[in-house]
Amino acid sequence: MSIEIRPATAPEMGQLGLMGAYSYGGAFGDGPDNVVATGTRPEWTLCAFDTAVRQADGQPTMATSFSAFPFTTRVNGNAVPLAGISTVGTRPEYRRQGLVRKIMTQAFADQYQRGQCLAGLWASQAAIYQRYGFAASGGLREYRIDTTDIHLHQDVAAMPVLRFEGTDALDAVREVYKQFIVARTGYLHRGKSLWLDNVLAPPPEDGPAYVAVVGSLEAPTGYLVYTLRAGRVAHRARAQEICIRDFAWLDQPSYGALWHYLARHDLVGRVIWGRAPVDDPALDLFIEPRLLHTQDLEGTWWRVVDAQSALALRGYDVAGSLVLAIADDELAPWNNGRWYLDAGPQGAEVRATTAAADIELSVRALSSLYSGNRSAQQLANAGLLAGDPDTVAKLDQIMRTRFAPHCPDHY
Ligand SMILES: CC(C)(COP(=O)(O)OP(=O)(O)OC[C@H]1O[C@@H](n2cnc3c(N)ncnc32)[C@H](O)[C@@H]1OP(=O)(O)O)[C@@H](O)C(=O)NCCC(=O)NCCS
């Protein structure tokens, strides 16, 4: 076997499509020109090719597919570059031979050079990625509620909510989203393709995407993107279902107004919002919160690729300084060592130091802490971080995020 690891060329992107078709069981299309191939550029890929085994057209056989989108994410008020890893798959006949490990090692080195200090992904199985230092960095909260059970404490009926179709309200919605994510963590800066090919492009069986905007197109203060289908609920009078695809709000009255708008859909027996953040306020605002039938699920996973840059670029609300020691990062050895972190609302300085460590942790624990998915105390309680209790408490203050990390965009 003669394996070469390199980006795919443009003519080889059809093989990437077919790899995605097989790895994901057709979820993104079956042909060589499916979404897996068309949504990625050759220069974003890093694949393994068996040069000894040729395809009918003479191309070397793609044994493993891999790509990383050049995203920007929010981390507690700041923009941070993130490599969004996707299309990971190895042909069954090449599995368990270390190909993904080789690619991941090369990818982290490339991302480090490119200044992509974080890597993120949606994991088909956590076991695959935890060994590479990825940690859960945001959850998904799912609600399923009957419209007759939507009652909030506040009276919000007075706010106008207008409905639009397709891209008619796109400018207003983009503006709300930008403001909504600014202080949050984990949300992506959405380019045109994330809006048009993701948020506003539901699967055909769900019908068109509708957009509800609070206020006006000129001064919007919240929005919902949703689909509405008949015959989905076993109910004699209310068999329709609404699926919320995206939800953002700039103040609590707008949040309430959008729920109130949903409640007016008298033929809808079920509203599903499968991608709410885990700190979504509904449980505090609903009069009968248990009727939301809340379920928490796994969301995206992050890996700190370049600890020094990632810590320097992130936002901090509380000032403080300490020395973090990272050890045993085999895939990104430049992270190993002791780092002096001096952080606060005005910015952060991070430099290598020989001073004694206040806190010791692995890169996986750092990734979890970095996103705010786990506090330093929770990691210490789990034996994943070491430090004296006062320093752990101080680290908690420095690293806390205003909002729970969350990414509603699947990639
Ligand atoms: C997951 C997958 C990409 C791994 O590819 P691979 O080339 O076999 O990976 P490697 O040989 O480099 O294995 C890397 C490590 O992961 C382990 N591993 C691989 N697949 C695993 C799985 N499904 N569950 C648990 N461990 C797994 C291997 O044992 C190996 O462990 P080690 O590094 O400690 O020796 C491949 O099995 C696959 O294509 N699966 C189906 C598609 C899929 O799930 N893709 C991920 C989409 S997010």
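The values are calculated or read from the model by the stated rules, or taken from the named source; none is laboratory data. This one's a predicted model, so the numbers in the text were calculated from it and none came from an experiment. Please note: Cβ atoms are built from the backbone with ideal geometry, for glycine as well, and neighbour counts cover all protein chains shown.
In table form, for the structure just shown:
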quantity	calculated
Subset of segment 8-62 (residues that are of a type in the set (S, T, N, Q) and under 27 Å from Q116 (Cβ atoms))	T9, Q15, S23, N34, T38, T40, T45
Checklist (1) surrounded by 15 or more Cβ atoms within 10 Å (Cβ to Cβ); (2) within 16 Å of the ligand (Cβ to nearest atom) applied to I145, failing item	(2)
Selected residue (criterion: nearest to the chain's Cα centre (by Cα)) from residues of segment 2-11 that are surrounded by fewer than 21 Cβ atoms within 10 Å (Cβ to Cβ) and more than 11 Å from the ligand (Cβ to nearest atom)	P7
Which listed residue is surrounded by fewer than 14 Cβ atoms within 10 Å (Cβ to Cβ), among the charged types (D, E, K, R), in contact (Cβ under 8 Å) with a residue 12 or more places away in the chain and assigned by TED's automatic domain parsing to the domain that holds G89, from D50, D33	D33
Strands (runs of 3 or more DSSP E) enclosed by segment 269-330 - at least 3 residues per element that are not aliphatic (A, V, I, L, M)	295-298, 301-304
Close pairs (7 angstrom Cβ cut-off, 6 or more residues apart or separate chains): more than 19 Å from A123 (Cβ to Cβ) in segment 88-102, within 6 Å of the ligand (Cβ to nearest atom) anywhere	Y94/T64
Filter pass, V176 being under 27 Å from G372 (Cα atoms), out of contact with any His (no Cβ under 7 Å at 6 or more places or on another chain) and of a type outside the set (S, T, Y)	yes
Evaluation of Y94 against (1) out of contact with any helix residue (DSSP H, G or I) (no Cβ under 9 Å at 6 or more places or on another chain); (2) under 17 Å from W302 (Cβ atoms); (3) of a type in the set (F, W, Y) (one fails), failing number	(2)
Close pairs (6 angstrom Cβ cut-off, 6 or more residues apart or separate chains): not assigned by TED's automatic domain parsing to the domain that holds I145 in segment 281-296, loosely packed, with under 14 Cβ neighbours inside 10 Å anywhere	none
Residue, surrounded by the fewest Cβ atoms within 10 Å (Cβ to Cβ), within segment 345-384, restricted to residues that are assigned to a loop (DSSP other than H, G, I, E, B) and among the hydroxyl-bearing types (S, T, Y)	T354
Filter pass, R402 being charged (D, E, K, R), touching a residue at least 12 places away in the same chain (Cβ under 8 Å) and surrounded by 18 or more Cβ atoms within 10 Å (Cβ to Cβ)	no
Boolean, A357 is assigned by TED's automatic domain parsing to the domain that holds I326, modelled with pLDDT of 95 or more and over 27 Å from the mean Cα position of the chain (by Cα)	yes
Residue within segment 209-216 that is at positive phi, buried (at least 16 other Cβ atoms within 10 Å of the Cβ) and part of a strand (DSSP E or B) present	yes
Residue in segment 76-93 that is in contact with an Asp or Glu (Cβ under 9 Å, 6 or more places away or on another chain), buried (at least 19 other Cβ atoms within 10 Å of the Cβ), of a type in the set (A, V, I, L, M, F, W, C) and closer than 30 Å to A348 by Cβ present	yes
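Residue-wise test of (1) hydrophobic (A, V, I, L, M, F, W, C); (2) closer than 19 Å to I398 by Cα; (3) under 26 Å from the mean Cα position of the chain (by Cα).
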position: V304; (1), (2), (3): yes, yes, yes
position: L313; (1), (2), (3): yes, yes, yes
position: D317; (1), (2), (3): no, yes, yes
position: L322; (1), (2), (3): yes, yes, no
position: E330; (1), (2), (3): no, no, yes
position: N335; (1), (2), (3): no, no, yes
position: W339; (1), (2), (3): yes, yes, no
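Every residue, every condition in (1) farther than 22 Å from F108 by Cβ; (2) touching a residue at least 40 places away in the same chain (Cβ under 8 Å), yes or no:
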position: M13; (1), (2): yes, no
position: G26; (1), (2): yes, no
position: Q55; (1), (2): yes, yes
position: A63; (1), (2): no, yes
